[in-house]
1. In the range 79-127, what count of residues is obtained for those that are polar (S, T, N, Q) and within 24 Å of Ala139 (Cβ to Cβ)?
2. Output yes when any residue across the range 133-146 is modelled with pLDDT under 90 and at negative phi, and no when none is.
3. When you go through (1) in contact (Cβ under 8 Å) with a residue 60 or more places away in the chain; (2) of a type outside the set (S, T, N, Q); (3) closer than 30 Å to Ile266 by Cα one by one for Gly56, which number turns out not to apply?
4. Taking Thr149 and the conditions (1) surrounded by fewer than 22 Cβ atoms within 10 Å (Cβ to Cβ); (2) modelled with pLDDT of 90 or more, which numbered condition does it fall short on, given that it satisfies the others?
5. Scanning the range 306-339 for residues that are hydrophobic (A, V, I, L, M, F, W, C) and open to solvent by 30 Å² or more (accessible area, probe 1.4 Å), which turns out nearest to the chain's Cα centre (by Cα)?
6. Output the residue which, of all residues in the range 183-196 that are assigned to a loop (DSSP other than H, G, I, E, B) and modelled with pLDDT of 90 or more, is least open to solvent (accessible area, probe 1.4 Å).
7. Out of all the residues in the range 77-111, which are modelled with pLDDT of 85 or more and in a loop (DSSP other than H, G, I, E, B)?
8. Ser212 is checked against (1) open to solvent by 50 Å² or more (accessible area, probe 1.4 Å); (2) modelled with pLDDT under 85; (3) in contact with a strand residue (DSSP E or B) (Cβ under 7 Å, 6 or more places away or on another chain); (4) more than 30 Å from Ala91 (Cβ to Cβ) and fails just one. What number does that condition carry?
Amino acid sequence: MTVDAGPTRFSEQPLTPWRRTVLKVGSSLLAAEGGGLSPRHVEAIAGFVRAAHSLGREVVLVSSGAVAAGRALSPSPTNGSGMAERQALAALGQAKLMGFWQGFFEPPVAQVLLTHDDLRNRRRYLNARATLTALLSRAALPIVNENDTVSVDELKLGDNDNLAGVVAALVDADILLIATDVDGLYDRDPRRHGDARPVEQVAIVDAAVMASAGAAGSAAGTGGMVTKLEAAARAARAGIATALFNGRAPAVLEALARDRLIGTWIAPSASRVVARKHWLLSAPLEAGAVVLDAGAAQAVAGQGASLLAGGIAAVEGDFRRGDAVLLVCRGADGERRIARGIAQYSAADIRRIAGRHSREIKTVLGYSYGGSIVHRDDLVLL
């Protein structure tokens, strides 16, 4: 099957199996002429999301459009391009944007606003991931947007394309889907070159691929093909593939619901396991260690299990939630280094709950970040 794609045509290719995706929808697919939000292209996108939900799949939506929504509510006497103006419009439009999306779904939507500062701080990164995971477990549709109302130039992710790439890694997505207003990537800008050819598969986002991306995005948005490729490169480094497709073409969305892509497929640079292990092995190791008893050591090293409080014999050093720590076991034959992992609790907290059952954590501490001290997804064996 093929679809018209301007001067050339994209063919249909299979998608790899997926359970969780991050879907990015830009302003060009949401904005109405003259300002505000339009359902024109969104119904097909929402239909894809509903089809995914019916199959038990999970979707995290990264949506632009708050500024466009705000501009319709309060037309600006200026062009609204200054930082303060855009922040004011975003604040006005956020509620409208959430209400707009809710109209397409029966399950509740949930707004999650993030900044670059949230995602580079490991503890806030973990909190954001826990929140999104909890929302998905409640069958809600998380809708993520950059927190434009408080972001400043040096802290902004720059656009929601790059935000989507970060969120894909944050929630451990299987695939990043980017809905665009073009059919995919071409070997050069199709708006300027009538003989531009479609690029259906990209093995690696290198300088040559970036050079083919062309100019910046539409009038409604801040991104373009360059930022979409930057997002894909971010996802690839985390072991996540990216699909670029035309969100204005209902037939493309219908094919996507059948796990068929009409667009550009960008491969991950490594498997998610390899990418995660590389990060954990290279992450700065804090001056701290968690000493496991023999049973916990066997469970972690032999079965790939998470580390629970009941299997902790001692805690050494002073570290905080989100720090990388060493897991060790000590016996008659000396110390054995078992793994490195990300601590879900601080050293002080772990000392208080060491040796206890997971269900006692909230009683002892007054709060709980979950039953795992180090989750198996945040752990690499040595």
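1. As a first pass, look at the range 79-127 and keep what is polar (S, T, N, Q): 79, 81, 87, 94, 102, 111, 115, 121, 127.
Those still in the list that are within 24 Å of Ala139 (Cβ to Cβ) too: 94, 102, 111, 127.
Residues meeting the conditions: 4.
2. Looking through the range 133-146, at least one residue is modelled with pLDDT under 90 and at negative phi.
3. (1)
4. So the condition that Thr149 fails would be (2).
5. Residues of the range 306-339 hydrophobic (A, V, I, L, M, F, W, C): 307-309, 312-315, 319, 324-329, 332, 338-339.
Right, trim to open to solvent by 30 Å² or more (accessible area, probe 1.4 Å) and you get 308, 313-314, 332.
Details: Leu308: 27, Ala313: 36, Ala314: 35, Ala332: 45 Å.
Only one residue fits best here, namely Leu308.
6. Just the residues of the range 183-196 that are assigned to a loop (DSSP other than H, G, I, E, B), to begin with: 183-184, 187-196.
Among the residues that remain, those that are also modelled with pLDDT of 90 or more are: 183-184.
Values: Asp183: 24, Gly184: 3 Å².
The residue in question is Gly184.
7. Gly103, Phe104, Phe105, Glu106, Pro107, Pro108
8. Of the numbered conditions (1) open to solvent by 50 Å² or more (accessible area, probe 1.4 Å); (2) modelled with pLDDT under 85; (3) in contact with a strand residue (DSSP E or B) (Cβ under 7 Å, 6 or more places away or on another chain); (4) more than 30 Å from Ala91 (Cβ to Cβ), the odd one out for Ser212 is (1).
The values are calculated or read from the model by the stated rules, or taken from the named source; none is laboratory data. In this text, all values refer to a predicted model and were calculated from it rather than measured experimentally. No Cβ is skipped: glycine too gets one built from the backbone with ideal geometry, and neighbour counts run over all protein chains shown. Side chains are part of the model used for accessible areas, which takes the heavy atoms of the whole protein and leaves out ligands, DNA and RNA. Shrake-Rupley method; radii C 1.70, N 1.55, O 1.52, S 1.80 Å.
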